[in-house]
Amino acid sequence: MKTSDTGIKLIKQFEGLRLKAYKAVSTEKYYTIGYGHYSADVKPNMEITEACAELFLRYDLEKTENIVNNCNRTWNQNQFDALVSFTYNCGQVNLYKLIRNRNNEQIAEAMLLYRKAGGKVLNGLVKRRKAERELFLKGC
């Protein structure tokens, strides 16, 4: 599956567009740029264009979609989009923890637990998880 426009819009909404490298939380190992592109290739004071941010997003989305597609589960489009957004933000290991031995209702509820960064509950993550949960449950 591929991420729909709804899923991409959700990711962009919560990641925001930042054309200069930053650390959302000071304890992070790497810098972030664009629509949440977090990688060793992002250096302090690095600046990019919006077109470059779109390219990073498409590259990161492809990797994230592959992770979700390889879970040996069947998802509807909304579930897939929600899990891509979740994985884009929380990573592969947390996706596997989220879905392991859980049915869809349990997955939706467990999403809400992933709301901390640097050991602190962040309001933005609370809102994101709620939006992902709502999308995951939409049409079920």
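For segment 1-132, the residue among Val42, Val93, Ala53 whose Cα projects farthest onto the positive side of the dipole built from Cβ charges is Val93. Rounded to the nearest 20, the size of the Cβ-charge dipole of the chain about its Cα centre is 540 debye, with Lys and Arg at +1 and Asp and Glu at -1.
Which whole-number percentage describes the relative contact order of the chain, with Cα contacts under 8 Å and a sequence gap of 6 or more? Walk me through the numbers before you get to the answer.
Values: 180 pairs, mean separation 32.0, N = 140.
Computed value for the chain: 23 percent relative contact order.
For segment 18-92, what is the accessible area per residue in Å² when the probe is 1.4 Å? The answer is 53 Å² per residue. Surface composition of the chain: carbon plus sulfur atoms contribute 49% of the solvent-accessible area (1.4 Å probe, protein chains only, all chains present).
Quick one: ranking Glu105, Glu54, Glu65 by accessible area, 1.4 Å probe, largest first, what do you get?
Numbers: Glu105 140, Glu54 45, Glu65 10 Å².
Solvent-accessible surface, decreasing: Glu105, Glu54, Glu65.
The alpha carbon centroids of segment 1-60 and segment 112-131 are separated by 18 Å.
Count the lysine pairs in the chain that are 8 or more places apart or on different chains: how many have C-alpha atoms under 13 angstrom apart?
Here the count comes out as 6.
Calculate the FRET efficiency for Lys43 and Lys138 from the Cβ-Cβ distance with a Förster distance of 22 Å, rounded to the nearest 0.05.
Numbers: r = 39 Å, r/R0 = 1.76.
With a Förster radius of 22 Å, E is 0.05.
The values are calculated or read from the model by the stated rules, or taken from the named source; none is laboratory data. Just so you know, these numbers come straight off a predicted model, no measurement behind them. When we count neighbours, we look across all protein chains shown, and the Cβ atoms used for this are built from the backbone with ideal geometry, even at glycine. For accessibility, only protein heavy atoms count, side chains too; no ligands or nucleic acids. Shrake-Rupley method; radii C 1.70, N 1.55, O 1.52, S 1.80 Å.
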